[in-house]
Structure formats: C-alpha cells, structure tokens
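The structure appears below as structure tokens.
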Amino acid sequence: MPMQLITEAISNPKVKRAIELAIGPLLLFALWWIAFKGQLVNKDLLPSPVDTLRDTAASIAAGKMTGDFVHTIARVGYSTLIAVIAGVPVGIVLGARAAIYRSVEFLVDFFRSTPATALFPLFLLLFGLGDFAKIAVAAFAAWLVIVFNVAYGVMNARQTRILAARSMGASSLRIFKDVIFYETLPQTFVGLRTAVSLALVVIIVAEMFIGATDGIGHRIIDAQISYSLTDMYGSILIAGAMGYGLNLMLLMIERSFIHWSGK
C-alpha cells in the first residue's frame, strides 16, 4: 500500500516536475560533498557544502547579502531595460530591410563576438568608475544580442502568413502589427533571456574589477581577498541562483504570453 501511494505521488505531474527540478541541486551538492570528503580538492580551498549553505543562510537571514543582491539586480535590470528600449526598434528596422542589415552585419557580428570584458577600458575612459560605466558596458553587450535576435526573427517570419495577409488586402502597417510582430516574439524572448544572462555576467565581473563598493561581484572578490571561503562560495551560489531565477521568470512570461509559439 505505501508503495502504491508513492507510485501515485510520483506519477502526479506536479510532483514529477518538482523531483526533476530537485535533481540538479542535489547532484551539485553530492559532487561537492564527494570532492570535500574525498579531499579531491585541497581542504583549505574547498569548504564543506553544509558549512557553506549554513553560513549563507545565516548571512541572508541577517540581511548581510540583501544590499549586495539588490544593487546587482538593479544594475542588471537597468542595463537590460536600456538594451531592450534601444535594441528592439533597431532590430526591427534591420530585419525589415535586408539591404540595411547586410551593410551593418559586419559591425553587429564583430562587436557581438568581442568579449564584453575587453571593452571595460574603453567604457572606463568614457564614463569613469561609477555605476554608469558598469551599466553601460552590460547594456551594450545585451543590446547587440537583442538586435541580432530581433532582426533574425523579423527576417524569418513565416512568409505564408504574410502572403495570406497581403492577399486579404492588409496594409504594410497592419501586416507588421498583426503578423510580423507576433511572429518575431519567440525569437525576441530568446534574445531577451540570453541578454539578461549576459548582462548579469558582465555586471558581476564589473563589480569585481571596476571600483565597486557593493554588489555580489564585489562581495565575491572581497571574500576571496579576506579568505572567507564559505562567504565566497555562498556568494557564487547566490549569483548562480540569481541568473537561474531571472531566466526562469522570463521563460514563464514567455510561455504565458506566447503559448501559441510553434503552432
């Protein structure tokens, strides 16, 4: 009877999904524990996962990480917002006019392929050591990703639906508003999720090395310098959880608003 109840519980879609989501974190914990207990890594450089999680939970409960978390998430939010506002219109124009896209394709691909961290010195010269330099370089990197994905989405909109709209006498504006716009949304969200992840990476690195006094990146490098290993590893886990949470949030929004994708 207990086995039957367990089987029925596992067969429940929500329970099954919860188990699937738990496998990744449990696997990470197990590998970390094996590396720690088996001394596969110098014990002075790898703390126990239990100690790390306990100290991290205590820091969160005491509010020690709240300020750093808020500052990092705010910088990521600002940079992504700037990238979306500036990137979506440019991507639409480039995608709608193949000749224009081909003329600037080299520039888009060149800067998209250039590591954003290589641009730090340039943005420091332009904007100084303040928050704006960090946000600007992250926004620029995210902007390129959004431009590319939006342009790609516009260029690859289903021609059959566009032709069908034209055959029914729809104007160019109506075709764009009711056909092309919706056709490009899935690819736009792909670009948005990629852009947010890239912005987070750039912001974290910038907080480490560009004169920051707060943020998760600053907390990581500060803990490394002071040899506070549980704090360092805990901050890294928080940064990873932040990226995962942002991606999951955007994925849920995408599934809610673009449930018709692929149909």
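See the values below:
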item	result
Members of segment 206-236 found to be modelled with pLDDT of 85 or more and of a type in the set (D, E, K, R), listed by number	207, 219, 222, 231
Residue identified as surrounded by 23 or more Cβ atoms within 10 Å (Cβ to Cβ) and under 29 Å from residue 182 (Cα atoms) among 104, 137, 76	76
Extreme residue, nearest to residue 136 (Cα to Cα), among residues of segment 59-98 that are in a helix (DSSP H, G or I) and charged (D, E, K, R)	75
Odd one out for residue 239 among (1) at pLDDT 90 or above; (2) open to solvent by 50 Å² or more (accessible area, probe 1.4 Å); (3) over 10 Å from the mean Cα position of the chain (by Cα)	(2)
Among residues of segment 84-99, those that are closer than 11 Å to residue 154 by Cα and touching a Phe, Trp or Tyr at 6+ places or on another chain (Cβ under 6 Å), counted	1
Enumeration of residues in segment 37-69 that are open to solvent by 20 Å² or more (accessible area, probe 1.4 Å) and either in contact with a strand residue (DSSP E or B) (Cβ under 6 Å, 6 or more places away or on another chain) or over 25 Å from residue 214 (Cα atoms) (or both)	37, 38, 39, 40, 41, 42, 43, 44, 50
So residue 129, is it in a helix (DSSP H, G or I), open to solvent by 70 Å² or more (accessible area, probe 1.4 Å) and either on the phi < 0 side of the Ramachandran plot or at pLDDT 80 or above (or both)	no
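The values are calculated or read from the model by the stated rules, or taken from the named source; none is laboratory data. Only a predicted model underlies this, so the values are computations on that prediction, with no experimental measurement involved. All Cβ positions, even for glycine, are placed from backbone atoms using ideal geometry, and neighbour counts span all protein chains on display. Heavy atoms of the whole protein, side chains included, go into the accessibility calculation; ligands, DNA and RNA do not. Shrake-Rupley method; radii C 1.70, N 1.55, O 1.52, S 1.80 Å.
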